[in-house]
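Enquirer: If you scroll down you'll find the structure; I have some questions about it.
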Amino acid sequence: MMINKYKHIIWDWNGTLLDDTEFCVGIMNGMLTRRMMSNISKSYYKRIFTFPIRKYYEKIGLPIDDEQFVLLSKEFIYEYELNRLTCGIFEGAEEVLQTIIELGLSQSILSAYSQNTLEEIVAHFGLTKYFSKIKGLDNIYASSKIELGKQLMSELGLLKGEALLIGDTLHDKEAAEAIGADCVLIANGHQDKTVLASSGIEVFDSITHFKNQYFKD
Ligand SMILES: [Mg+2]
């Protein structure tokens, strides 16, 4: 089994375990409507979504000077927090988390989401028990997971190549490279398969496809 190459699995949360892409498109369309701007489709969103978030707002045509960016971020987060529990976990995700534990590997979450809210929502879905560490950012302007990831690797005592990071964006791949973890991407979240494939690393359509590949004998 390819998964046995690793000691530890690092999961991204939004768009990888939590199915929140359509939810985010809906929030953005509300923000655009309030500004008399055209709404966007999910497939368009997946082609333009990127980190830092400021770049993504710019591509949509929203004003991104410091003041406006703070206001937009607050507006988005407010709406997100209000209805976040209407999102669900991806089909097959918990089964994969359970199987990984049974294989004797440990797991963590590395997220650009804020620490408190991250812990709370993971607990809401009853998933806390699968993770030895849950690591989020301590501000709402989600910029980079790289520093956070380096802390995580050192706290867990992980060396280069011992961890596999599973994410849904090119930022996850960038973070994985920077912290010395291998990476696979799942195209069921915030970025389009074509965008992800441009990175040259392995891309799966769903967690189940990943499982079928990495857990076979
Ligand atoms: Mg993500």
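Enquirer: Taking K and R as +1 and D and E as -1, what net charge do the other residues with C-beta under 11 Å from the C-beta of Arg84 add up to? Could the numbers behind the result be given before it?
Expert: Details: positive: none; negative: Asp20, Glu79, Glu81, Glu120.
Local net charge: -4.
Enquirer: Could you work out the Rg to Rh ratio of region 132-198, with Rh taken as the Kirkwood radius (inverse of the mean 1/r over all Cα pairs)?
Expert: Details: Rg = 12.2 Å, Rh = 12.6 Å.
Value, to two decimals: 0.97.
Enquirer: Have a look at region 89-217 and give its Rg and Dmax from the Cα atoms, expressed in angstrom.
Expert: So, for region 89-217, Rg and Dmax equal 14.1, 42 Å respectively.
Enquirer: How high is the FRET efficiency between Glu91 and Lys150 when r is their beta carbon distance and R₀ equals 41 Å, given to the nearest 0.05? List each step's numbers first, then the result.
Expert: Details: r = 32 Å, r/R0 = 0.79.
My answer for the efficiency is 0.80.
Enquirer: For Val70 and Lys42 in the same chain, what is the full-extension length gain: residue separation times 0.36 nm, less their Cα-Cα distance, in nm? Intermediate results must be reported in sequence, preceding the final value.
Expert: Numbers: separation 28, 0.36 × 28 = 10.08 nm, distance 2.41 nm.
In short, 7.7 nm is gained.
Enquirer: Could you give me the ³J(HN,Hα) list for region 53-61, computed from phi with Karplus coefficients 6.51, -1.76, 1.60 and θ = phi - 60°, whole Hz, x at Gly and Pro?
Expert: So the Karplus estimates, Gly and Pro as x, are 3, 4, 5, 5, 4, 4, 4, 6, x Hz.
Enquirer: Against the longest alpha carbon principal axis of the chain, how many degrees, from 0 to 90 and to the nearest 10, is the axis of helix 170-179 turned?
Expert: Compared with the principal axis, the helix lies near 50 degrees.
Enquirer: Regarding the chain, what is the average projected area of its C-alpha convex hull, in nm²?
Expert: Details: hull surface 45.0 nm².
Its average projected convex-hull area is 11.3 nm².
Enquirer: Let me ask something else. Would you pull out the residues with amide H under 5 Å of Tyr113's amide H, same chain only if 5 or more places away, H placed 1.01 Å from N?
Expert: Excluding prolines and chain starts, which carry no amide H, the hits are Leu137.
Enquirer: Here's another thing I want to ask about it. Jot down the radius of gyration and Dmax of region 21-86, Cα atoms only, both in angstrom.
Expert: Both quantities, over Cα of region 21-86: 11.2, 31 Å.
No value in this document is a laboratory result; all are computed from the given coordinates. Computed from a predicted model, the values in this text were never measured in an experiment. Quick reminder, even Gly has a Cβ in these numbers, built from the backbone with ideal geometry, and neighbours come from all protein chains shown.
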